[in-house]
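Since the structure comes first, as structure tokens, the remarks are kept for the end.
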Amino acid sequence: MKPLAIITGVGPGTGSALARRFHAGGYQVAMLARTADRLADLERELPGAFAVPCDVADTDALGEALEGIEQQAGGPPKVVVHNAVGGAFGSFLEIDPQVLERNFQVNVMALLHLARWAAPKMEAAGEGALIVTGNTSAVRGKARFAGFAPTKAAQRILAESIARDMGPKGVHVAFLMIDAVIDLAWTRERNPDKPDDYFIRPTDIADEVWHVAHQPRSAWSFLTEIRPFGETW
């Protein structure tokens, strides 16, 4: 039986690249996104992968989705990637406080519920990896990131707490910090004068997630940073 990978936030960029990478690596892939439409083409493209329409901010819906995935796959996951993200731009005076609360549910609380469901199963199996895709908002709060950065910082700290708890029990938890503009149609439109090497390719992000998820036990990392070679940091 193929190992199971669960990926949240399967959109047209990083999420799809992650689904393709783990499918190519021999995994059965469960793909979570809020709407089924964006998953239909991927489901047809990747035989054996299956779409799971779910809003990860809805705790009950997420729990039902995870139980359904385990039943359909025939067992617990070997890898879980929390790639779903809630974001918003604006100063602390401009943002709608409810947007910040919503982003906290997606970025932090969904991670908590994923970990509470998956980590004990991984511990019982003697192996497993929980990978979180993040960005530099996890370590710095710029002026117009007030509706987003606080949740990513909390996400990183939660992931570290889980990692310190579960690492000695054989479960690898890691946070991948993406210091870059991801190469997507809308980011290209917003940056029409930028060269190709200004952007980070979703396939390269997916390759790094794959690498971190399969690190040998003697060399686990928690915080991994990736950025284009020309990025200022």
Boolean, Ala118 is within 18 Å of Val212 (Cβ to Cβ) and in a strand (DSSP E or B): no
Only listed residue being closer than 15 Å to Thr14 by Cα, in contact with a Leu (Cβ under 6 Å, 6 or more places away or on another chain) and surrounded by 14 or more Cβ atoms within 10 Å (Cβ to Cβ), chosen from Ala180, Ala206: Ala206
Subset tally (residues that are in contact with a strand residue (DSSP E or B) (Cβ under 8 Å, 6 or more places away or on another chain) and farther than 22 Å from His113 by Cβ) for the stretch 28-66: 6
Candidates Asp55, Asp41, Asp60 - the one that is charged (D, E, K, R), free of Cβ contacts under 8 Å to residues at least 40 places away in the same chain and buried (at least 17 other Cβ atoms within 10 Å of the Cβ): Asp55
Close pairs from the stretch 102-115: first within 20 Å of Lys78 (Cβ to Cβ), partner outside any helix (DSSP H, G or I) and among the small types (Gly, Ala, Ser), Cβ under 7 Å, at least 6 apart: Ala110/Ala57; Ala110/Ala84
Checking Arg140 against (1) of a type outside the set (Asp, Glu); (2) free of Cβ contacts under 8 Å to residues at least 60 places away in the same chain; (3) crowded, with 17+ Cβ neighbours inside 10 Å; (4) on the phi < 0 side of the Ramachandran plot, the condition it does not meet: (3)
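Readers should treat all values here as calculations from the given coordinates under stated rules, not as data from a laboratory. Please read these numbers as outputs of a predicted model, since none were measured by experiment. When we count neighbours, we look across all protein chains shown, and the Cβ atoms used for this are built from the backbone with ideal geometry, even at glycine.
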